[in-house]
Amino acid sequence: MVGASMASMLADLPLRIGLIDRQALGGDAANKPGVASFDARVSALSPASQKLFENMGIWQQIRRVRSCPYRDMEVWDGEGTGRIEFSARELNCPELGNIVENSVVTTALHSAIGDQQNLQVLAPVQISDLAFDCASNRKVQLTLSSGETLSGKLLIAADGANSRIRKLADFSTREWDYNHVATVCTVRTELPHGHRALQRFMASGPLAFLPLLPEAGSRDQHYCSIVWSALPERAEALIALAEPDFRRELGAAIEDRLGAIEWSDTRHSFPLRQRHAVAYVKGSVALIGDAAHSIHPLAGQGVNLGLLDAAALAEELKRGLKAHRPVGDSRVLNRYQRRRIGPNLAAMWLMEGFKRLFADQPLPLLWLRNVGMSSMDSMPLVKRQLALRAMGLDGDLSADSSIVSN
């Protein structure tokens, strides 16, 4: 999503762009309405991300396929009485964000860039090797799995948390395991979700229910995507459960807020690891999205941070070209790094703080945690600031960034 968005944001610039992808670009079954085609991978797109997609001309296409706005969010401590609620109405906003399947977004993006005049797509193909121009370090050469070689003045790595480009370019990272494994799947609930996202914190890890709609405009509010982060042995046990037993465990874990879990789709799991590149720029290589930073999915902020990376880099490239600077100029790339490394680190440490705060704690700390959580719920200004940050509306990049509105 982030790499295709980056390419789209550069559509009006006088550049020759190559988009390299391991998979062929095209449609996906998740673009066909109906429960059977739900993608297990979803993102909680913030209003800032939605605005970027609007300016790229793809948000309406996404909405025509399917997305589900969430207007309320309830977070509570499963080990006590602390709770906090966020409401779009309190913020004078139509919604807090939208839950959208990743494949719906990528299909819309691939459709948009299909006719992009300054773009050549190379897919499916992988990068085998990378080398810098020894004389200037301002040019990079790629060797592809097809045997083809490419050279360019700037390489933007948007190839995910296990970025091959980051490894080949020898970027340093700081990283550690969360000691959590996320279990994800789609479920049908007895009670309607009412466009409300739920998140319960437990000592073994957080559980989120994210509302879904089976098709655009549907009134059927009985489907949710769940993300259950748990200790590895607990996650392994959850994957191994028979479906009826899993549904009972899941209902109990969310305290039956949506009644019985009537159906669950195939479960998937993946280990969680926090990772942050010490620098986002090295020579003529720039990291964006999960290639630069990966965080705990408990707040669904990963893709939103990546899209803001792409928009900031596109904005700086446009500014640099207007000043007649080369596309890989270090001053241009360093401005991008300065703009994004602080906000991304802040988001990462906030998620790390939540993860540690809600881990198993002695009784006095548990009491303080619950008091603090309930007190925050009665502080409108503090809640508003937290909500605006999660919605991407208080960062250094405004939601109507000029780079995607030209």
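The values are calculated or read from the model by the stated rules, or taken from the named source; none is laboratory data. From a predicted model like this one, the values you see are computed outputs, not experimental measurements. In this analysis, Cβ positions are derived from the backbone assuming ideal geometry, glycine residues included, and neighbour counts consider all displayed protein chains. Surface areas here come from the heavy atoms of the whole protein model, side chains and all, with no ligands, DNA or RNA. Shrake-Rupley method; radii C 1.70, N 1.55, O 1.52, S 1.80 Å.
Over what distance in Å are the Cα centres of segment 331-347 and segment 214-274 separated?
What the calculation gives is 36 Å, centre to centre.
Would you mind working out the accessible area per residue for segment 106-182, using a 1.4 Å probe, and quoting it in Å²?
56 Å²
Rank-order 50-63, 168-181 by packing density, defined as the average count of other C-beta atoms within 10 Å over each peptide's residues, highest first. Let's see the in-between values first.
Details: 50-63: 20.1, 168-181: 15.1.
Packing proxy ranking, top to bottom: 50-63, 168-181.
Summarise the accessible area of segment 44-117 (1.4 Å probe, protein heavy atoms) by the percent that is carbon and sulfur.
About 41 percent, which is the carbon plus sulfur part of the accessible surface.
For Ala24 and Thr143 in one chain, what is 0.36 nm times their gap in residues minus the Cα-Cα distance, to one decimal in nm? Before the final figure, lay out each step's value.
On the way: separation 119, 0.36 × 119 = 42.84 nm, distance 1.84 nm.
Extra length available between Ala24 and Thr143 comes to 41.0 nm.
When ranked by the protection proxy of mean other Cβ atoms within 10 Å per residue, highest first, what sequence do the peptides 160-167, 258-265 form?
Those peptides, ordered most packed to least, come out 160-167, 258-265.
If R0 is 35 Å, what FRET efficiency do you get for Ser151 and Glu95 from their C-beta distance, rounded to 0.05?
Calculated value: 0.20.
Quick check: at a probe of 1.4 Å, how many percent of the accessible area of segment 158-249 sits on carbon and sulfur atoms? Mind dumping the intermediate values first?
Numbers: 1840 of 4000 Å².
Summing carbon and sulfur atoms, their accessible area is 46 percent of the total for segment 158-249.
Can you pick out the pairs among Lys167/Lys322; Lys51/Lys139; Lys153/Lys322 whose Cα atoms lie more than 22 Å from each other?
Values: Lys167/Lys322 32 Å; Lys51/Lys139 33 Å; Lys153/Lys322 17 Å.
Check vs 22 Å cut-off fails for Lys167/Lys322; Lys51/Lys139.
Would you work out the charge dipole size for segment 187-321 about its Cα centre, treating the Cβ of every Lys and Arg as +1 and the Cβ of every Asp and Glu as -1, and quote it to the nearest 20 debye?
That gives a dipole near 440 debye.
Can you work out the FRET efficiency for the pair Arg219 and Ala123, with r the C-beta to C-beta distance and R0 = 41 Å, to the nearest 0.05? Before the final figure, lay out the partial values.
Values: r = 38 Å, r/R0 = 0.94.
For Arg219 and Ala123, the calculated efficiency is 0.60.
Per residue, how many Å² of accessible area does segment 201-353 show with a 1.4 Å probe?
That works out to 38 Å² per residue.
With a 1.4 Å probe and all protein chains left in place, how much of the accessible area of segment 282-340 comes from carbon and sulfur atoms, in whole percent? Please report the intermediate quantities before stating the final value.
Working: 930 of 1820 Å².
Here carbon and sulfur together make up 51 percent of the probe-accessible area.
Between Asp256 and Trp176, take the C-beta separation as r, use R0 = 60 Å, and let me know the FRET efficiency to the nearest 0.05.
0.95
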